[in-house]
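To start, the structure itself, in structure tokens.
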Amino acid sequence: MNLKNLIILAGVAGFFYSCKVTDTYKSPDIEQSRQDNLFRQKTNNDSTSVANVAWNQIFTDAKLQNIINKTIQNNLDLKVAVARIQEASAVFKQSKLQNLPSLDGVASVTETKNSAAAQGGNFVMPDLLVYRLGISTGWEIDVWGRIKALKNSAYAGFLQTDAAKRAIQTQMVAQAATLYYQLISLDKQLEITKQTIELRKQDVETVQLLMDAAYLTGADVEQSKANLYSAQLSVPDLEMQIQQTENSLNILMNDNPQPIDRNSIDSQVIYTDLKTGVPASLLKNRPDVQSAELTFRQAFENKNMAMAQVYPTISITGTLGLSSRTLESFFTNSLFYTLGGTVTQNIFQMGTRKAQVRIMEARKMQAYYTFEKALLTAGSEVSNSLLSYQKAKEKETTRQLQIQSLEKAVEYNKELLTYSSNTNYVNVLTSEQSLLAAKLAGVNDKLQQLQAVTEFYRALGGGQF
């Protein structure tokens, strides 16, 4: 191929390149009104949020921090996520190499023996021995943007795996905190139940004495015993739940089943500076929303690749090397080269490739709707967690007043039972059962606050690591 032909080929390629068939990616359009109203419950208009606070400032319990650190270091789901990032990084690096021409080294010795019978006549071509050493190259000119789309898709895939890893990391921190708070709330429930058992043992003795003194009946004694047994029956279930929760925490930390070192729920300091920030911050702070957008971006570039594959492939090929019939003259006047260009269009696959474009368009729209749903879900989760915290906080004072009133009711009923005939054991029993239920509900109120803060942290995208 002479220079003129090369110029013509380059001109044709340039003309095709100007006929752009792929689209340029831009972030999905979300209506401003929808963005502004993602949160039903709002704390302020400040742009700062819990997502900008380090996780160890939110979870200040030193023993919980130790569990979270071990989870981040050892969790198997996180290790899988890191391996996926490494895979995606390798795929992206591989895609970048698609822009480079292929280059192969070639060394050959070819002997050709010609058949005299096949050639006929008086002239017979001599046998031929050729030594050859050189390089060959081929380069696809990315006229339609197929290779660029491939690279962009791989890059989006790499970013998506990184976002997925951060989402898992945030989820693991929140899950560790949730399980820890469940564990210490169960500890408190067990403590309250055991205290109640001791008090009810005293009740049985008191009722027995009152029956001996003919103030109460045998039915009252048996009812007091049943009340004691009811509390005792709660202990095995609570102990089972405690061990099961410990086992779940050990799985998070990639540990064998064993006791968990922990503090009490009474020692917990609840993080109260709950700032949502502006709704748009979810787009940059919440990794699962980022992951959904990157999935959409990858689908967008996959459609670009499908569009580019509808059009012909334009390539330049060439070889350069040394060729000689004898080794003695291998480096003397033995230089040779070939240079050519090809345009390839698969005619019978045209319908299939156009159908592939439609498939990729449908997948792109699926990814877009998934992204939109992820954003709405994130906003709902922020609102729900903040609402849960606010309502648990509202119950705090009233719950304490309820417990105080029930404690007095139990005390008064016992005094009346012992020193007066103005009450009966049913009143004592009812007030005791109500007191136990209120105390356990108080523990759940504290747990609700702790878990609401944890969910609020996760819903906003997690604190800084």
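The values are calculated or read from the model by the stated rules, or taken from the named source; none is laboratory data. No experiment lies behind these values; they were computed from the predicted model shown. Cβ atoms come from the backbone with ideal geometry, glycine included; neighbour counts cover every protein chain shown.
Figure legend. Inter-residue proximity from the stretch 330-347: first residues touching a residue at least 60 places away in the same chain (Cβ under 8 Å), second residues among the basic types (Lys, Arg) and surrounded by 13 or more Cβ atoms within 10 Å (Cβ to Cβ), beta-carbon distance below 9 Å, spacing 6+ or different chains. Indicated pairs: PHE336/ARG132.
Looking only at the stretch 406-417, decide whether some residue is surrounded by 15 or more Cβ atoms within 10 Å (Cβ to Cβ), more than 18 Å from ASN444 (Cβ to Cβ) and either β-branched (Val, Ile, Thr) or without any contact (Cβ under 8 Å) to a residue 12 or more places away in the chain (or both). Scanning the stretch 406-417, I find at least one residue that is surrounded by 15 or more Cβ atoms within 10 Å (Cβ to Cβ), more than 18 Å from ASN444 (Cβ to Cβ) and either β-branched (Val, Ile, Thr) or without any contact (Cβ under 8 Å) to a residue 12 or more places away in the chain (or both), so the answer is yes. In the set (1) within 33 Å of the chain's Cα centre (by Cα); (2) at pLDDT below 85, the condition left unmet by GLU246 is number (2). With respect to the conditions (1) part of a loop (DSSP other than H, G, I, E, B); (2) exposed (fewer than 13 other Cβ atoms within 10 Å of the Cβ); (3) touching a strand residue (DSSP E or B) at 6+ places or on another chain (Cβ under 7 Å), THR338 falls short on a single one, namely (1). Restricting attention to the stretch 67-110, the residues being of a type in the set (Ser, Thr, Tyr) and assigned to a strand (DSSP E or B) number 3. Considering every residue within the stretch 310-326, establish whether at least one is modelled with pLDDT under 85 and in contact with a Leu (Cβ under 7 Å, 6 or more places away or on another chain). For the stretch 310-326, residues modelled with pLDDT under 85 and in contact with a Leu (Cβ under 7 Å, 6 or more places away or on another chain): present. Any chance you could count how many residues in the stretch 371-382 are buried (at least 18 other Cβ atoms within 10 Å of the Cβ) and either closer than 16 Å to LEU447 by Cα or of a type in the set (Gly, Ala, Ser) (or both)? The number of residues fulfilling the criteria is 3.
Per the conditions (1) touching a strand residue (DSSP E or B) at 6+ places or on another chain (Cβ under 9 Å); (2) assigned to a helix (DSSP H, G or I); (3) not polar (S, T, N, Q), the sole criterion not satisfied by VAL235 is (1).
For GLU432, the test of being acidic (Asp, Glu), part of a helix (DSSP H, G or I), in contact (Cβ under 8 Å) with a residue 24 or more places away in the chain and surrounded by 17 or more Cβ atoms within 10 Å (Cβ to Cβ) is passed. Taking the conditions exactly as written (assigned to a helix (DSSP H, G or I) and at pLDDT 90 or above), does VAL173 satisfy them or not? So VAL173 fits the description; yes. Quick one: which residue in ARG358, ARG363, ARG353 is free of Cβ contacts under 8 Å to residues at least 12 places away in the same chain and charged (D, E, K, R)? Checking each option against the conditions leaves just ARG358.
The single condition from (1) touching a residue at least 40 places away in the same chain (Cβ under 8 Å); (2) under 30 Å from ASN75 (Cβ atoms); (3) not β-branched (Val, Ile, Thr) that GLN223 fails is (2).
Scanning the stretch 306-329 for residues that are among the hydrophobic types (A, V, I, L, M, F, W, C), out of contact with any helix residue (DSSP H, G or I) (no Cβ under 8 Å at 6 or more places or on another chain) and surrounded by 15 or more Cβ atoms within 10 Å (Cβ to Cβ) gives a single hit, LEU322.
For (1) within 24 Å of GLN448 (Cα to Cα); (2) in contact (Cβ under 8 Å) with a residue 40 or more places away in the chain; (3) among the small types (Gly, Ala, Ser); (4) buried (at least 21 other Cβ atoms within 10 Å of the Cβ), each residue gets a yes or a no:
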position: GLN171; (1), (2), (3), (4): yes, yes, no, no
position: ALA176; (1), (2), (3), (4): yes, yes, yes, yes
position: TYR181; (1), (2), (3), (4): yes, yes, no, yes
position: THR196; (1), (2), (3), (4): yes, yes, no, yes
position: GLN202; (1), (2), (3), (4): no, no, no, no
position: GLU239; (1), (2), (3), (4): yes, yes, no, no
position: SER248; (1), (2), (3), (4): yes, yes, yes, no
position: LEU252; (1), (2), (3), (4): yes, yes, no, yes
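Of the residues making up the stretch 57-113, those that are among the β-branched types (Val, Ile, Thr), surrounded by 13 or more Cβ atoms within 10 Å (Cβ to Cβ) and under 23 Å from ARG262 (Cα atoms) number 5. Restricting attention to the stretch 129-160, and to residues there that are touching an Asp or Glu at 6+ places or on another chain (Cβ under 7 Å) and surrounded by fewer than 17 Cβ atoms within 10 Å (Cβ to Cβ), which single residue is modelled with the highest pLDDT? Among those residues, the one meeting the criterion is ILE135.
Of the residues ALA299, ALA308, the single one that is within 31 Å of the chain's Cα centre (by Cα) and among the hydrophobic types (A, V, I, L, M, F, W, C) is ALA299.
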